[in-house]
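The values are calculated or read from the model by the stated rules, or taken from the named source; none is laboratory data. Model, not experiment: these values are computed from the prediction. We place every Cβ from the backbone using ideal geometry, glycine too, and count neighbours over all the protein chains shown.
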Amino acid sequence: MASAATWAVGVILARQLGAHIPPLALALLKNGMVLMVLLPLALLLHGHAWPTMAAAQWAWVLLSGVLGIAVADTLYFRALNELGAGRMGVIGNLYSPSVLLLGYVFLGERLGGWQWLGFALVALGVLLVARPPSQWRTQPRHGVRGVLIGMLSIALMAIAIVMVKQPLEQHSLIWITVLRLLGAVAGLAVLSRLPALRSLVTFDASQVPWPRLWVAALLGQGVSMLLWLGGYKYTSASIAAILNESASVFLVMLGAWWLREPVGRRAWAGVVLTFTGIACMLSGRVTL
């Protein structure tokens, strides 16, 4: 729950920073800032001893960072700029059903009838915001494209967390976080060098509110990521994903209050449906 709250604040700050920094550059800056803080902390806490993992696990954790942070965060910020925090918050509720399905297939977590009903309700809630009424539209007017980009980013986040579930259970939380960040920063650096994407990392540094960026990075990215991965370390992937859905409540409310984003009845209906679905998911038990 604490991860959801800090993440929601970070998203709101990122939404405001999007006016000054393009999505790819924002993702690179935020993750680089967090890595600058967490890597020395990990070395200090663990006596400068790197984790002892098989080469395959190292590769798996680093790839999780590339997919789940480098690619997914860049797509997420792009969708956030197009849709706004409230709508993107509801679309983000696709995350827990995605983790439930992947956990079922790859981790052996079994779902009950109530949880499958919850899956359907969450999916219906997301569909309610896929074609919003005219007063809901934001600039630029690429609602459908924004929804598709947002859904792809959520799917990649779900895949990445399932990839790293077993290493998380076996190794230090802070080291797994640092290794994912290393993969993320490396992946973002490669993306930023592609000719087609170079324009997405160009910005005027003098126009950037750096104090706000540091808060967004350390709170919404660093602290939230540690708490988020901690949830997956100490409970099942399915339960952790469901509890993370409380972030959408924070996003819708903060988007309306902080950013003055209009939120219509269809949005609230989507929120009610998705959280009814979450309640159904929690009413059943996950078995292994």
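Working only within the stretch 232-241, note down all residues that are surrounded by fewer than 21 Cβ atoms within 10 Å (Cβ to Cβ) and either under 15 Å from the mean Cα position of the chain (by Cα) or of a type in the set (Ser, Thr, Tyr) (or both).
Selection gives Tyr234, Thr235, Ser236.
Being within 30 Å of Ala269 (Cβ to Cβ), at pLDDT 85 or above and of a type in the set (A, V, I, L, M) is true for just one of Ala55, Ala72, Ala59, Ala42. Which residue is that?
Ala72
Being among the hydrophobic types (A, V, I, L, M, F, W, C), part of a helix (DSSP H, G or I) and at pLDDT below 85 is the filter here; which residues of the stretch 183-204 pass it?
Ala196, Leu197, Leu200, Val201
Based on what the data block shows, is Leu148 under 17 Å from the mean Cα position of the chain (by Cα), more than 25 Å from Ala217 (Cβ to Cβ), modelled with pLDDT of 80 or more and buried (at least 24 other Cβ atoms within 10 Å of the Cβ)?
Spelling it out, it is not the case that Leu148 is under 17 Å from the mean Cα position of the chain (by Cα), more than 25 Å from Ala217 (Cβ to Cβ), modelled with pLDDT of 80 or more and buried (at least 24 other Cβ atoms within 10 Å of the Cβ).
Just for the stretch 204-213: of the residues that are loosely packed, with under 15 Cβ neighbours inside 10 Å and of a type in the set (A, V, I, L, M, F, W, C), which one is nearest to Thr6 (Cα to Cα)?
Trp210
In the set Val178, Val122, Val129, Val162, which member is closer than 21 Å to Trp228 by Cα, at pLDDT below 80, crowded, with 21+ Cβ neighbours inside 10 Å and hydrophobic (A, V, I, L, M, F, W, C)?
Val122
Consider only pairs whose beta carbons are under 8 Å apart and that are at least six residues apart or on different chains; among these, list those whose first residue lies in the stretch 183-204 and is over 27 Å from Ala59 (Cβ atoms) and acidic (Asp, Glu) and whose second residue is surrounded by 12 or more Cβ atoms within 10 Å (Cβ to Cβ) and modelled with pLDDT under 85.
Listed by first residue and then by second, the contacts come to Asp204/His20.
When you look at Val37, is it within 13 Å of the chain's Cα centre (by Cα) and of a type in the set (Val, Ile, Thr), yes or no?
no
Return yes or no: is Arg266 surrounded by fewer than 20 Cβ atoms within 10 Å (Cβ to Cβ) and on the phi > 0 side of the Ramachandran plot?
no
Kindly establish whether Arg110 is of a type outside the set (Val, Ile, Thr) and within 30 Å of Ala189 (Cβ to Cβ). Spell out the reasoning first.
Details: of a type outside the set (Val, Ile, Thr): yes; within 30 Å of Ala189 (Cβ to Cβ): no.
The answer is no for Arg110.
Mind listing whichever residues of the stretch 231-288 are at pLDDT 80 or above and of a type in the set (D, E, K, R)?
Listed by number, the residues that qualify are Lys233, Arg265.
Only one residue in Ala256, Ala269 is in a helix (DSSP H, G or I), over 30 Å from Thr52 (Cβ atoms), small (Gly, Ala, Ser) and touching a Pro at 6+ places or on another chain (Cβ under 9 Å), so which one is that? Walk me through how you get there before you give the answer.
On the way: Ala269 fails: touching a Pro at 6+ places or on another chain (Cβ under 9 Å).
Exactly one of Ala256, Ala269 is in a helix (DSSP H, G or I), over 30 Å from Thr52 (Cβ atoms), small (Gly, Ala, Ser) and touching a Pro at 6+ places or on another chain (Cβ under 9 Å), namely Ala256.
If you go through the stretch 205-231, how many residues are part of a helix (DSSP H, G or I), under 22 Å from Val185 (Cα atoms) and over 16 Å from the mean Cα position of the chain (by Cα)?
Residues that pass the stated criteria total 7.
For residues in the stretch 30-67 being without any contact (Cβ under 8 Å) to a residue 40 or more places away in the chain and under 19 Å from Ala217 (Cβ atoms), which is surrounded by the fewest Cβ atoms within 10 Å (Cβ to Cβ)? Can you show your working first?
Just the residues of the stretch 30-67 that are without any contact (Cβ under 8 Å) to a residue 40 or more places away in the chain, to begin with: 36, 40, 43-44, 47-49, 52, 54-56, 59.
Now restrict to residues that are under 19 Å from Ala217 (Cβ atoms): 36, 40.
Working: Met36: 13, Pro40: 11.
Within the stretch 30-67, the match that is surrounded by the fewest Cβ atoms within 10 Å (Cβ to Cβ) is Pro40.
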